[in-house]
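Where a number appears in this text, it was derived from the coordinates with a stated rule and is not lab data. Here the structure is a predicted model, which means the values were calculated and not measured. Positions of Cβ are generated from backbone atoms using ideal geometry, with glycine treated the same way; all protein chains shown enter the neighbour counts.
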Amino acid sequence: MFSSLTDFMIVDIFVSHFGQLMEGLKFTFQLTIVSMICGTTLGVLLALGRTFGKKPVSWLCTAYIELIRGTPMLAQLFILYFALPPYGIKLSAVTVAYLGFTLNVAAYQAEYTRGSIEAVGEDQFKAAASLGMGHWQTVFYVVLPQAVRWSIPAWTNEFIYLLKFTSLAYMIGAPDLLTQGKLIASRNYQFFRVYLIVGIIYLVIVLAATWIIGKIEKKIEIPGFGHQKRP
Amino acid sequence: MPDKPLLEIKNLKKSFGDNLVLDGISFSLNGGETKVIIGPSGTGKSTILKSINRLVEPDDGEIWLEDTEIISCRHINAIRQQIGYVFQDFGLFHHLTVLKNVMIGLTRVKKIPKEEAMKKARYQLDRVGLSGTEHQYPAQLSGGQKQRVAIARALAMEPKLMLFDEPTSALDPELIGEVLTVMKELADSKMTMLVVTHEMGFARSVSDEIIFIEKGSIVEQGPPEKMFRHPVHDRTKEFLFKLEDLYGEGSG
Amino acid sequence: MLASLELIQKSLPALMEGTFVTIRLTLLILAMGLVLGLVFAFGQTYGNRLVRLLVGIYDRVFRSIPELVLLLLVYYGMPALGIRFRPFDAAVVALGLRAAAYMAQIFRGTFMSVGSDQLTAAYSLGMGEFKAFIHVIFPQAIRAFIPPFANEYAIILKDTSLAYAVGVVELLRQGQYIIAVEYNPLAIFLAIAGIYFILTFGVTRLLKRLEKKLKIPGMGV
């Protein structure tokens with residue numbers, strides 16, 4: 001095994017299957033970005049529903065959030081992929097991937113956003129009221145902007161987590177980076193070497209993404225505003 | 001002289017749980033007058049102010065702002081636009097610049113177009129002496145500056161009445177002066193003001209009347225000189241002397 | 001509906017077997033993560049430059065590579081080391097190595113949360129290092145430790161489902177076996193979800209209670 005760390009075969013495999021690996025990487029990026037955008041939007045709505053909605057709405061949102069967060073991502077994917085067909089809903093692996101990750105991200109983002117919303121001080125509400133702002137106006141113009149800013153470290157952290165988690169698409173056959181790796185390996189039987197390449201690619205993109213996000217966070221900082229602790 | 005008071009409070013009552021905080025408060029304020037409410041801490045002075053713009057819901061009584069009775073009014077937000085409120089802890093919006101803080105009531109609540117709102121906001125900021133801080137964020141300002149921005153924000157709404165809830169209590173001593181100066185200028189320009197404060201110097205030199213409240217009721221009220229020189233009740237005498245000991249006749 | 005409930009009841013014993021495997025996995029991974037994590041944390045906080053560099057690299061690598069990829073790497077890499085590995089062991093090692101990286105961060109956070117002034121004060125009273133640790137550092141550190149630990153526990157528990165990929169018959173795979181025979185996937189999956197939920201939610205609830213009991217007013221995290 002250790003010999004493979006220094007042998008030429010890895011480079012050879014990487015080069016000759018470069019196209020296929022990049023196809024997989026492309027899907028991984030698409031999956032991550034779409035799920036992130038849709039999931040975060042849904043998540044913010046859930047957080048609002050949970051914090052400000054009436055009892056039944058609030059309860060539903062809470063139930064959804066806790067259930068998704070309390071069960072494994074893989075189980076959720078399996079349910080979407082295996083448990084629906086008997087009832088006539090046959091979703092493709094790709095659809096299940098997008099749907100499953102979006103729903104999952106939504107629950108986690110909702111939880112982080114909720115924490116931020118609750119961190120907005122009482123005084124902000126009172127000040128908005130004193131100016132004559134209505135309830136929802138206060139939420140949109142005073143609470144949400146602050147809550148979103150406050151959540152940025154948690155949200156970006158979730159992005160990195162998601163980038164790694166999309167590898168689970170492998171389990172239902174959606175064509176992400178890991179799946180492509182498996183396809184390559186099942187033909188040349190170089191399982192360890194291929195997965196090592198996949199691992200290194202993930203390492204590089206995660207490190208790059210983390211670095212880029214750090215730069216972006218610095219740029220949009222508001223002096224004195226502070227932020228949620230990175231989960 | 002106007003006959004009808006701008007603000008009239010009749011028999012205001014409020015309890016928090018078992019605690020009777022306001023036990024039938026009645027007084028009035030004419031247009032252009034400045035009145036100061038004083039009294040021991042926890043006697044409900046803030047509650048009076050908060051009842052006026054209904055940040056707290058009174059249990060009983062009437063509050064009249066010109067021709068509108070506030071407590072039973074359905075459109076409280078419309079009322080709040082006519083009443084400026086300055087908080088002890090400033091209440092500035094952390095995520096907005098100074099200029100945006102002052103503008104937000106105009107653009108979002110009064111729905112004034114951005115250009116016009118900016119003009120009005122800049123006017124008020126200039127009035128309180130903070131034109132240069134437009135693009136700074138609250139966290140970057142001193143306490144005195146923050147409070148002056150808060151005053152500018154309230155003034156930008158062009159209210160009929162300004163309420164000040166212990167505006168200088170959270171400030172370091174050397175910053176109190178700048179805020180009191182702004183308040184004095186406002187009073188001189190005939191803004192109708194109701195102020196809760198411990199600043200005796202201000203009360204004595206700026207107010208038209210001082211109202212002394214203890215245990216939920218008005219003990220005594222009257223023009224400053226009368227209150228300080230010839231108070232009727234012993235309690236008033238005691239309290240004023242205690243305050244002069246603590247706070248001196250210092251600022252204002 | 002009734003048929004589904006009956007099915008769940010019938011499958012309970014098998015599901016319980018799977019659950020026990022899941023629990024064993026979790027405990028072993030936790031143990032590995034705690035021990036290694038503590039070592040790494042000490043290395044990072046008190047070690048020399050080389051140690052800190054090495055631990056830093058470990059941290060970056062094992063927190064950047066997806067768990068599933070790690071698992072597959074260990075599973076396919078182990079035979080080359082000449083060790084006979086059961087899939088179960090591969091899962092423990094892979095997920096344990098990952099857990100160690102995260103635990104190390106938690107421990108570091110805990111160390112840093114206890115102000116150095118506390119130690120100084122303890123010494124000034126004449127306490128030796130050991131006493132200072134027992135009576136001053138540990139009580140404060142444990143309170144800072146519980147919330148992130150509860151979080152990590154939940155993550156590890158859910159990650160055990162990945163062991164499915166290398167053939168470990170934990171809860172999820174056990175469920176699939178039942179479904180292959182009985183063919184009512186939704187009911188079984190819901191039962192599985194329910195079990196996972198109890199294991200995560202239930203334990204984190206308990207830990208939260210513990211947190212409440214230990215709470216000291218004014219001491220934030």
field: Which of A:C38, B:C73 has the fewest Cβ neighbours within 10 Å, and the rest in rising order
entry: B:C73, A:C38
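Where both partners of a DSSP beta bridge lie in the protein assembly as shown, what percent of those bridges are antiparallel, to the nearest 5? Can you show the working numbers first?
Details: 20 of 37 bridges.
DSSP beta bridges in the protein assembly as shown are roughly 55 percent antiparallel.
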Enclosed volume per residue, in Å³, of the convex hull spanned by Cα atoms of chain C: 155
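What fraction of the DSSP beta bridges in chain B is antiparallel, stated in percent and rounded to the nearest 5? If you can, show how the numbers build up before the last one.
On the way: 20 of 37 bridges.
Antiparallel bridges make up about 55 percent of those DSSP assigns within chain B.
Counting partner chain Cβ atoms within 10 Å of every residue's Cβ in B:212-225, what's the average? Mind showing how you got there, number by number?
On the way: counts 0, 0, 0, 0, 0, 0, 0, 0, 0, 0, 0, 0, 0, 0.
The per-residue average across the peptide is 0.
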Listed residues B:T68, B:S217, B:V206: farthest to the positive end of the dipole of chain B (Cβ charges): B:T68
Size of electric dipole in the protein assembly as shown: Cβ of Lys, Arg +1 and of Asp, Glu -1, about Cα centre, debye, nearest 20: 2000
task: Between B:A156, B:A139, B:A187, find the one with the highest GNM mean-square fluctuation for chain B; connect C-alpha pairs within less than 10 Å.
output: B:A139
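Determine the alpha carbon to alpha carbon distance for each of B:K146/B:K226; A:K26/A:K219; A:K164/C:K208; A:K90/C:K10 and list only those over 31 Å. If you can, show how the numbers build up before the last one.
Numbers: B:K146/B:K226 34 Å; A:K26/A:K219 27 Å; A:K164/C:K208 28 Å; A:K90/C:K10 27 Å.
Cα-Cα > 31 Å for B:K146/B:K226; rest within.
Quick one: dipole size for the range B:84-179, taken about the Cα centre, charges +1 on Lys/Arg Cβ and -1 on Asp/Glu Cβ, in debye to the nearest 20.
On the way: 13 positive and 11 negative charges, 126 e Å.
Here the range B:84-179 has a charge dipole of around 600 debye.
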- prompt: Which is farthest toward the positive dipole end of the range A:44-186 among A:G121, A:Q146, A:I68, measuring Cα position about the Cα centre, with Cβ charges +1 (Lys, Arg) and -1 (Asp, Glu)?
  reply: A:I68
message: I need the semi-axes of the equivalent ellipsoid of the range C:1-73: take the C-alpha gyration tensor, multiply each eigenvalue by 5, square-root it, list largest first in whole angstrom.
response: 42, 14, 8
statement: If unit charges are put on Cβ atoms (+1 for Lys and Arg, -1 for Asp and Glu) and the dipole of the range A:131-231 is taken about its Cα centre, the option from A:I197, A:G226, A:M133 lying farthest towards the positive end turns out to be A:I197
message: Apply the Karplus curve 6.51 cos²θ - 1.76 cosθ + 1.60, θ = phi - 60°, to the phi angles in the range C:82-90 and return the couplings in whole Hz, x for Gly and Pro.
response: x, 8, 7, 10, 7, x, 4, 5, 4
field: Partner chain coverage, peptide A:159-167 - average Cβ within 10 angstrom
entry: 3
- prompt: Summing -39500 (n - 2.57) over the DSSP H runs of n ≥ 4 in chain A and dividing by its residue number, what mean residue ellipticity at 222 nm do you reach, to the nearest 500 deg cm²/dmol?
  reply: -25000 deg cm²/dmol
message: Using only Cα atoms and rounding to the nearest 10 degrees, what angle (0 to 90) does helix C:67-77 make with the longest principal axis of chain C?
response: 80
message: Working only with C-alpha atoms, what are the Rg and Dmax values of the range A:1-83, expressed in angstrom?
response: 20.7, 63
field: Using distinct alpha-carbon pairs, which all enter the 1/r mean, Kirkwood radius of the range B:112-201 in Å
entry: 13.7
- prompt: Between A:Q30 and B:F16, what is the label-to-label distance in nm when each label sits 7 Å out along the Cα-to-Cβ direction?
  reply: 5.9
statement: Relative to chain A, whose Cα atoms define the longest principal axis, helix A:93-119 and its Cα axis are tilted in degrees, nearest 10, by 40
query: Dividing the convex hull volume of the Cα atoms of the range A:130-211 by its residue count, what figure in Å³ per residue is obtained?
result: 106
- prompt: Once both axes come from the Cα atoms, what is the angle between helix C:49-64 and the longest principal axis of chain C, in degrees from 0 to 90, rounded to 10?
  reply: 30
field: Alpha-carbon Rg with Dmax, taken over the protein assembly as shown, Å
entry: 32.5, 103
field: Directionally averaged shadow of chain B, computed from the convex hull of its alpha-carbon atoms, nm²
entry: 13.8
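So how do B:M162, B:M103 line up by other beta-carbon neighbours within 10 Å, fewest first?
On the way: B:M162 22, B:M103 25.
Listing B:M162, B:M103 from fewest to most nearby Cβ atoms yields B:M162, B:M103.
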- prompt: Fewest to most neighbouring Cβ within 10 Å: what's the order for A:R69, C:R86?
  reply: C:R86, A:R69
message: Could you derive backbone 3J(HN,Hα) for the range B:195-210 from the dihedral phi with the Karplus parameters 6.51, -1.76 and 1.60 (θ = phi - 60°), listing whole Hz in sequence and x where the residue is Gly or Pro?
response: 10, 9, 7, 9, 6, 5, x, 4, 4, 5, 8, 10, 7, 8, 7, 10
task: For chain A, just say rounded, prolate or oblate: build the C-alpha gyration tensor, square-root its eigenvalues into a ≥ b ≥ c, call rounded for a/c under 1.5, and beyond that prolate if a/b exceeds b/c, oblate if not.
output: oblate
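Let me check I've understood the local charge: for C:A14, count other residues with C-beta under 14 angstrom from its C-beta, Lys and Arg +1, Asp and Glu -1. What total comes out?
-1
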Relative contact order of the range A:121-231, pairs being alpha-carbon contacts under 8 Å that are 6 or more residues apart, as %: 34
Neighbour net charge for C:I29 - beta-carbon separation under 14 angstrom, K R +1, D E -1: -2
Percent RCO, i.e. relative contact order, over chain C, from Cα pairs under 8 Å lying at least 6 residues apart: 31
message: With +1 assigned to the C-beta of every Lys and Arg and -1 to the C-beta of every Asp and Glu, and no other charges, what is the dipole magnitude of the range B:74-127 about the Cα centre in debye, to the nearest 20?
response: 240
- prompt: Once amide H atoms are built 1.01 Å from N in the peptide plane, which residues 5 or more positions from B:E220, or in another chain, come under 5 Å H to H?
  reply: B:F212
